[in-house]
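Peer 1: I'd like to ask some things about the structure below.
Read-outs throughout are calculated quantities, based only on the coordinates presented, and are distinct from any laboratory measurement. Keep in mind the model is a prediction, meaning the values are calculated, not measured. In this analysis, Cβ positions are derived from the backbone assuming ideal geometry, glycine residues included, and neighbour counts consider all displayed protein chains.
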Amino acid sequence: MVQELTEILERSLQEVRVHAHGQRGRVFVALSGGADSTALLHSAQALLHGGDELYALHADHQLHAKSGQWRSHCQALCRSLGVPLIAERLSVSAEGNLEAAARRARYEFFARHLGPNDILMLAHHRQDQLESVLLRLFQGRGMMPMRGRGALGAGHFVRPFMNIEKQLLTQYLVSHDVGWIEDPSNRDLAFDRNYLRHRVTGAIIARWPNVRNAIQRVSESALTQQQLLAHLVSKTGNTVPWSELPSIPTLALAWLRTYLGVRGHYDVSDASLGEFLRQQAQGARAQLELGTHRLYAWRDTLYFERLSPNTSRVPDQLTVSFPSLVDWGRYQLAFAECSESASNAIAYAGELRLTCRDKLQEHPSEVKSSLKKRFQQARIPPWHRGNYPVCLDAAGLVVIPGVWRRSELALSSTAVMDSSTKAKHCTIICRPVAAAMKET
């Protein structure tokens, strides 16, 4: 029995590492102290002893009077196995869906401790899969099985026991004389999962003994289809022509859900996605908040963007020195002096000043009107225009990097240029910060 579980664990870890390009990180076990997670930790220690760094993570939700005792039990178990334990007391809101709030807090705790290439093992088994599928169906959330593996935080998670019966795990513990704790709340029928476990699934299994295998096959089929769609959608970038989305609303919603899931946003409601599609269909700018990211639809294009805390932190105005490299919100600009004959030479008079539309202090009507026209022609999204870098000189608007620049002929015809004034020249390279960092 030991060999069976350790072989399953070894296969699961290898599969995850294939997707991580063979990079090896630490291995964590989510340990509640119950039978399932205890069997997982014990068998993982048997497999990894003397090899990979193995740790246990224990989330104390503080929702039961005995939670402190359960934490002590996990500490004693980990000491006996020689496995370091990371335990935290979590704060869980009692308002709304308590099960969902506890799960959210627990996974946030897990994600905080996972570094690149780290793997978290979760002890869900075949019975959990049956309950999850039924629960999603009864809640109208569709035929979506628990995923066997995926991304979590900076690392990955895997559920190696998904095809194992719970009975095998308890037999394993008994045969090794390993104790575990029983959470009394697991029998509280006020929780939907407990109601399914104690009142529903038993009757279903009694009538259809092979139902867990059947659910597993259907789940694997649904998951395979979902993975295929995710594979196709994953080839799509963060800026997508709207024509690439299905024209049928229900299919567009499924496409969007998969598109966001590939990017780590799994919990967006159908109502939110439906409203986003409705706004886009009406020709307005659609926007969907996603916490760390934001989804936009504008002018027949879909945009998925990360919210940067530095986006709005730009000065009112900056006098440019040469040469210089300037970080400006979501952009980085490189300024260098050049000759008049140089490729992409930009002519300017007096000092060259860097600012943006929302910080303009001079020439407000003339420049802002010109900016609006140029931004529209270049299809710069409205939410990027406020802090988009623009350069001014004594004669007015010089350049909108990557969008428009004034000709030297236009400069020479202005009132500031006379026989004693000589135009200077420079080059300006403007790149998004992410692209600039990638090159360095």
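Peer 1: Among [x] 23.9, 82; [y] 24.8, 90; [z] 29.2, 99, which one is Rg and Dmax of the Cα atoms in Å computed from these coordinates?
Peer 2: [z]
Peer 1: Which helices, taking whole DSSP H runs in the chain, have alpha carbons extending 24 angstrom or more along the helix axis plus mean Kyte-Doolittle at least 0.0?
Peer 2: Going by DSSP H runs, the hits are 211-233.
Peer 1: Using helices alone, what [θ] at 222 nm do you get for the chain, with -39,500 (n - 2.57) per DSSP H run of 4 or more residues, divided over all residues and rounded to the nearest 500?
Peer 2: Counting only the DSSP helices, I get -12500 deg cm²/dmol.
Peer 1: Can you list residues whose amide H is under 5 Å from residue 328's amide H, if they're 5+ apart or on another chain and H is modeled 1.01 Å from N?
Peer 2: 333
Peer 1: In nanometres, what is the gap between the two model label sites at residue 243 and residue 14, each 7 Å from Cα along Cα-to-Cβ?
Peer 2: 4.7 nm
Peer 1: Which lysines have a Cα less than 25 Å from the Cα of residue 373, not counting those fewer than 8 places away in the same chain?
Peer 2: Counting by Cα, and skipping residues close in sequence, residue 373 has these lysines nearby: 359.
Peer 1: Return the FRET efficiency for the residue pair residue 224, residue 359: r is the Cβ-Cβ distance, R0 is 30 Å, and the value is rounded to the nearest 0.05.
Peer 2: Rounded to the nearest 0.05, the efficiency is 0.05.
Peer 1: So for 341, 321, fewest C-beta neighbours within 10 Å to most, what's the order?
Peer 2: Starting with the residue having the fewest Cβ neighbours, the order is 341, 321.
Peer 1: Could you compute the FRET efficiency for residue 287 and residue 334, with r as their C-beta to C-beta distance and R0 at 22 Å, rounded to 0.05?
Peer 2: The formula returns an efficiency of 0.10 here.
Peer 1: Using a 10 angstrom Cβ neighbour count of at most 14 plus a DSSP loop assignment to flag exposed GluC sites (Glu not before Pro), which longest range of the chain is free of such sites?
Peer 2: 183-339
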